[in-house]
Each structure stands twice: as structure tokens, then as C-alpha cells.
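Asks: After the C-alpha cells below, expect a handful of questions from me.
The values are calculated or read from the model by the stated rules, or taken from the named source; none is laboratory data. Treat the numbers as computed from the prediction; the structure is a model and nothing was measured. Methodologically, a virtual Cβ is constructed for each residue, glycine included, from the backbone with ideal geometry; neighbour enumeration extends over all protein chains shown. Just the protein is used for accessible areas: all its heavy atoms, side chains included, with ligands, DNA and RNA removed. Shrake-Rupley method; radii C 1.70, N 1.55, O 1.52, S 1.80 Å.
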Amino acid sequence: MVSTVTAQKKKGKTTVNPTDIIKSEAIADLQAKYPDYKGIALQIWDFAEVGYKEVKSSTLHQKTLTDAGFTVTAGVADMPTAFVATYGSGSPVIAILAEYDALPGLSQEASPEKKTAGKNAGHGCGHNLFGTASVAAGIEIKKLMDEKKLSGTIRVYGCPAEEGGSGKVYLVRAGLFNDVDIVIHWHPGDANEVTMTSALANISAKFRFHGIASHAAAAPEKGRSALDAVESMDYMVNMMREHIPQETRIHYIITNGGKAPNVVPDFSEVYYYVRHPKRDQVQAIFNRVVKAAQGATLGTETTMDYELIGGTHDLLLNKTLGLAMQADLERVGGVTYTADEIAFGKKLQATLAGKQPEIATAGTVKPFREVQDAGGGSTDVGDVSYAAPTVGLVAATWIPGTPAHSWEAVACSGTEIGTKGMMVAAKTMALTAIDVFTSPELIAKAKEEFIKAKGDYQYKALLGDRKPALNYRD
């Protein structure tokens, strides 16, 4: 670990940077509370609640923050499991984002072998760790405020349904970030690095086709198959892939294809994601997908309606804040595994395809990169990044090589492999928050970069004015 005190010789005397001392105290205090935060993270891992259904998870985070002295406002922006926890007053206003939703269909024990835990969902993106680290960092900043070492306002935003539900978009749309100076976040992963890769803008929708039921053998001529319409739409969209920008990503699942082979389905549904690095392009491509759905109804004599489920912006990067966070992450360092954890990791890596990174890389920090591409995923943090300067990191909470949205990620997220990495994130976010609380110049420079990156674009939610899709996982 890098030294926690910066000593400088000045006129023959040794002086100590007071911010360095505060940071050292924060690291030590967070580590002392590790057993408590580990317990919270593993509880939420066990809850494994999907988007907008995270009642137990949200309640536990709210209680933890309330017990620590925060004022919590729950059910914000028409989302029952969203909340804003606030402590302090005045400027600056620093926000830390917390997530806690699980993914459907990824039930898994905390084992290096694939074993279902008998649940409907699992934390394949590690949001049990995400929310807990953010809460921990917020509480640590509150403690430093109580000790009169920092002043201003700290907020922890409880953000539900990141996985497809676009929860943060509604928080932005409701104006809940309008007075925020800086936003800090993180994400679980298989390495330690500051996020300097953007995200793909994304629009998702469920297309619902309505036909006429009939006996598939005795009277097929009387039926009009809603499943035929779905398959026709899918075929046309797949043909369209040749004629769209190569950076585009389109994925779908048929969520309802009928109930029995001998019944012509009178209802069928398909769930689509459309992604592209640019928000205007993703809208144009999505409009073409809608036309494919409309065309499918003509050929099958069915009808169709669709519901926008989610819509997220690309991610605005902030080099000013990124460099500050990089120094903090290097100070904290990566994770060290026990012999048992290394054995767990090797067994888990054996289930993955291809050559895997060395397990020891979880203990290192990747160099700062000025990468501006869109990466391979989408996040509703993108919308937040259009509201205020935003910075984030990835921490090694999974064995190196582990992909997100996998049973292997679920397994790691339910062990100390995950919770150790979680504390790397908690400490780094706390240190970066200390940086911005103690440096008006850093905030000013970050805002200047933010304004330049945003340009004259006037933010508008890609999902329009719809209310949160609270039942999108049903």
C-alpha cells in the first residue's frame, strides 16, 4: 500500500499535508468497519431482488444510513425503492450513487462450481457490493463532517433498477441532481481502474402482438398468429443488421411465444434492446426497429403496441476528476487473496473460456487511460453524467477474467473475494470525496470540463415522459 502520509521538507522543517491525514483516518476507519459492511453486502446478496422490487435491500440501506445520522427521503421520483439520504448543509454538494438490484435467472451459490441457490435471481453484476460500498463511503464522509474536518453536504442516492429499468433517469428527470456539484460512483468488476470508457446509449422496449386464436390443426385458417408476427419482426431486424452502423448492438428475447403448440397464439411479446455510442443514432435505429414491428403486423394480419421500458444516455467522462480518483485508487491499492481464495479462483477460472489473467492482478491498479470509446455496455449513470461532473471506478470484486452477468460473478459477489474488493471501492470513493470537499479549485476545473463536454446539448430523457416501469421484470 502506498504511504498514507505525505511529508514535505520546507525550510528545514517537515510539514504534513492535513488532507493526507484525513485520508489516512478514513482508510483505517473504513477497514475497521469491514465486518459490518461485509454483513450488509452478503445480506443483500441473499435477498437477490430484481429491479423495482428491491424492498428489503433498499430498506436495509436506508436503515443503515438513518442509524448513522442521515436524513432519508424514500420513494423519490415515483420509485418506491429509490431514496436520497442527506447529511450536512451548504456547498459543496457531493453525491454518491448506490445500486442494489439483482439479475433474473442467475441463481447461484457462493461456490466455484455451478450450483443453483434455488432463487429467481442473483447478483451477477455485484450490486449487493455496489450499494454497500457507496453507503459506507457516505457514512465515512459524514463522520469526518462531525469531526469538523469537512464541511458541505453529502448525499447517497439509492438508485433502483439499473439493470434495464433506467432508475437514475427518473432521478435526473425529477431534478434531484440540479444542485449537485460532483457525482461519485463505482462498479464491481475483475480489475481495479478508473472509468475512462464511455457507455452505449440504449433504448429498450417490449413489443406486444395481438392475433386470433384457433385450433392449429383443425382450423388453422381461422387463426392469425401473434408468434408469427414476432418471428417476422425478428427476421426483419436481423436483416437490418447489415444496414446499420457497425457499432450498433441489438439484442432481444421472446418473453411470450404462446402456451401450447396446437393453439395459434393470440398474444406474443418480444423484448428488445438497441444500443449505439451516440444518443441520436440509437433513437434513429430504434425507430427503424419500430417500423419492422409495424411491417410484421401487415404480413400476419395482427396488431401491435409497444412500451418503452428504458432509455439511457452515453457517459460523459471527466479527466480532471479521473486523475484525482486515479491517485486515490493507487493509494488504496488492490486486494490480496488468501490461499483458500486463490484455490477458489483457480477452480472458477477453469470454468471460463480462453486464457485467463493472473489472479494476482486483482492486487494491482491499472494505469490511467484516456480512452474515449463507448465500451460494450450501457448504464443509467450516463444520464447523471449530463446533470453534473461525474467520476467512477471499477474495483476487482470478482476473480480476474470473470465476466459480468455470469454465475461466476454471482458466486464471487457472495464471498470475501467480493467484499474485499468492495472495500477498495468504498475507500477510493471516500478519498475522492475528500478531494472535492477540500479543493474548490478541483470542483471548478471539473465543472469547466463538464460544460465543455456537454456543449449546447439540452438534456432530454430518451424514455420520454413515461413513469417508471415498475413491473418490467414481470
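Asks: Leaving out ligands, DNA and RNA but keeping every protein chain, what accessible area does Lys347 have, in Å² rounded to the nearest 10, with a 1.4 Å probe?
Replies: 100 Å²
Asks: Also, I was wondering about something else. Placing +1 at every Lys and Arg Cβ and -1 at every Asp and Glu Cβ, with all other atoms neutral, what dipole size does the chain have around its Cα centre, in debye to the nearest 20? Please list the in-between numbers first.
Replies: Values: 49 positive and 53 negative charges, 169 e Å.
For the chain, the charge dipole is close to 820 debye.
Asks: Let me ask another. Under 8 Å for C-alpha pairs, at least 6 residues apart: give me the relative contact order for the chain, rounded to a whole percent.
Replies: Values: 1087 pairs, mean separation 109.1, N = 474.
Here the relative contact order equals 23 percent.
Asks: Give me the distance between the Cα centres of segment 29-89 and segment 397-445, rounded to whole Å.
Replies: Result: 16 Å between the Cα centres.
Asks: A further question on this structure: Tell me what the chain gives for mean residue ellipticity at 222 nm when only DSSP H runs of n ≥ 4 count, each as -39,500 (n - 2.57), the sum divided by the residue total, rounded to 500 deg cm²/dmol.
Replies: On the way: 13 runs with 181 residues, N = 474.
Taken over the chain, the calculation gives -12500 deg cm²/dmol.
Asks: Looking at Gln294, Leu144, Pro403, which one has the Cα that reaches farthest to the positive end of the dipole of the chain (charges on Cβ: Lys, Arg +1; Asp, Glu -1)?
Replies: Ranked along the dipole, the leading option is Leu144.
Asks: Same structure again: Which one is right for this structure if mean projected area of the Cα convex hull in nm² is calculated from it: (1) 23.1; (2) 29.5; (3) 24.5?
Replies: The listed entry that was calculated here is (3).
Asks: Dipole magnitude of segment 52-141 about its Cα centre, charges +1 at Lys/Arg Cβ and -1 at Asp/Glu Cβ only, in debye to the nearest 20? Don't jump to the answer; show the numbers that get you there.
Replies: On the way: 6 positive and 8 negative charges, 48 e Å.
Taking the Cα centre of segment 52-141 as origin, the dipole is about 220 debye.
Asks: How many nm is it between the label spots at Asp465 and Ala216, if each spot is 7 Å from the Cα in line with the beta carbon?
Replies: It works out to 4.3 nm between the two label points.
Asks: Here is a further query. Using alpha carbons only, how many degrees (0 to 90, rounded to 10) separate the axis of helix 416-438 from the longest principal axis of the chain?
Replies: 60 degrees
Asks: If you take every DSSP beta bridge whose two residues both sit in the chain, what share of them, in percent to the nearest 5, is antiparallel? Kindly include the intermediate steps, with their values, before the conclusion.
Replies: Values: 46 of 64 bridges.
Taking every DSSP beta bridge with both residues in the chain, the antiparallel ones total about 70 percent.
Asks: Using the heavy atoms of the protein chains alone and a 1.4 angstrom probe, what is the accessible area of segment 113-174 per residue in square angstrom?
Replies: Details: 1660 Å² over 62 residues.
Normalised by residue count, the accessible surface of segment 113-174 is 27 Å².
Asks: Also, I was wondering about something else. What residues qualify as long-range amide H neighbours of Ala396, i.e. H under 5 Å apart, gap of 5 or more or another chain, H built at 1.01 Å from N?
Replies: Ala191, Asn192
Asks: At a 1.4 Å probe radius, which order do Glu448, Glu330, Glu140, Glu341 fall into by accessible area, largest first? Intermediate results must be reported in sequence, preceding the final value.
Replies: Values: Glu448 130, Glu330 90, Glu140 0, Glu341 25 Å².
The most accessible residue leads, giving Glu448, Glu330, Glu341, Glu140.
Asks: More than 16 Å apart: what percent of Cα pairs in segment 271-372 qualify? All intermediate terms of the calculation are to be shown ahead of the outcome.
Replies: Details: 3877 of 5151 pairs.
Counting pairs separated by more than 16 Å, the tail of P(r) holds 75 percent.
Asks: Go through Asp266, Asp29 and list them by solvent-accessible area, largest first, probe radius 1.4 Å. Before the final figure, lay out each step's value.
Replies: Working: Asp266 80, Asp29 30 Å².
Most to least solvent-accessible, the answer reads Asp266, Asp29.
Asks: Shifting gears a bit: Please go through the residue pairs Lys278/Lys454; Lys63/Lys420; Lys53/Lys467; Lys168/Lys447; Lys33/Lys143; Lys278/Lys460 and name each one whose alpha carbons sit more than 18 Å apart in this structure. Intermediate results must be reported in sequence, preceding the final value.
Replies: Values: Lys278/Lys454 13 Å; Lys63/Lys420 23 Å; Lys53/Lys467 16 Å; Lys168/Lys447 21 Å; Lys33/Lys143 13 Å; Lys278/Lys460 14 Å.
Beyond 18 Å between Cα atoms: Lys63/Lys420; Lys168/Lys447.
Asks: Counting Lys and Arg as +1 and Asp and Glu as -1, what is the net charge of the other residues whose Cβ lies under 12 Å from the Cβ of Leu321? All intermediate terms of the calculation are to be shown ahead of the outcome.
Replies: Details: positive: Lys319, Lys445, Lys447; negative: Asp181, Asp328, Asp435, Glu448, Glu449.
With Lys, Arg at +1 and Asp, Glu at -1, the neighbours total -2.
Asks: What does the net charge come to around Pro35 if you take all other residues with beta carbon closer than 14 Å to its beta carbon, with K and R at +1 and D and E at -1? Each step should come with its number before you reach the end.
Replies: Numbers: positive: Lys33, Lys38, Lys420; negative: Asp29, Asp36, Glu416.
Combined, the nearby Lys, Arg, Asp and Glu give 0.
Asks: With every protein chain left in place and a probe of 1.4 Å, what is the accessible surface of Arg369, to the nearest 10 Å²?
Replies: Rounded to the nearest 10, the figure is 110 Å².
Asks: When the Kirkwood radius is taken over all Cα pairs of segment 74-131, what Stokes-Einstein diffusion coefficient follows at 20 °C and 1.002 mPa s, in µm²/s? All intermediate terms of the calculation are to be shown ahead of the outcome.
Replies: Numbers: Rh = 14.0 Å.
D, rounded to a whole number, is 153 µm²/s.
Asks: How much accessible surface does Arg275 have with a 1.4 Å probe, in Å² rounded to 10?
Replies: Accessible area, nearest 10 Å²: 40 Å².
Asks: When the accessible area of segment 251-371 is split by element with a 1.4 Å probe, what percent falls to carbon and sulfur? Could you put the intermediate results ahead of the total?
Replies: Values: 3340 of 6060 Å².
Within segment 251-371, the accessible surface is 55 percent carbon and sulfur.
Asks: At a 1.4 Å probe radius, carbon and sulfur cover how many percent of the accessible area of segment 112-215?
Replies: Looking at segment 112-215 in its full context, I get 47 percent from C and S.
Asks: With θ set to phi - 60° and the Karplus curve 6.51 cos²θ - 1.76 cosθ + 1.60, what are the ³J(HN,Hα) couplings of segment 196-210 in order, to the nearest whole Hz, using x for Gly and Pro?
Replies: My calculation for segment 196-210 gives 10, 10, 6, 10, 7, 5, 8, 10, 10, 7, 9, 9, 10, 10, 10 Hz in order.
Asks: A follow-up question, please. As an exercise, identify the GluC sites (Glu not before Pro) in segment 93-123 lying in DSSP coil whose Cβ has no more than 15 other Cβ atoms within 10 Å.
Replies: Details: sites: Glu99, Glu109, Glu113; in loops: Glu109, Glu113.
Counting only loop positions with at most 15 other Cβ atoms within 10 Å, the GluC sites (Glu not before Pro) in segment 93-123 are Glu113.
Asks: Follow-up. Mind checking the per residue accessible area of segment 219-300 for me, 1.4 Å probe, whole number of Å²? Before the final figure, lay out each step's value.
Replies: Values: 4470 Å² over 82 residues.
With all protein chains present, segment 219-300 gives 55 Å² per residue.
Asks: Convert each backbone phi in segment 254-267 into a coupling constant with the Karplus relation 6.51 cos²θ - 1.76 cosθ + 1.60 (shift: θ = phi - 60°), then list the ³J(HN,Hα) values in order as whole Hz, x for Gly and Pro.
Replies: 7, 7, 8, x, x, 10, 8, x, 8, 10, 5, x, 8, 8
Asks: Decide, for segment 211-348, between rounded, prolate and oblate: order the square roots of the alpha carbon gyration tensor eigenvalues as a ≥ b ≥ c, take rounded if a/c falls under 1.5, and otherwise choose prolate if a/b is larger than b/c, else oblate.
Replies: Working: a/c = 3.96, a/b = 1.92, b/c = 2.06.
Oblate is the answer for segment 211-348, as a/c is 1.5 or above yet b/c matches or exceeds a/b.
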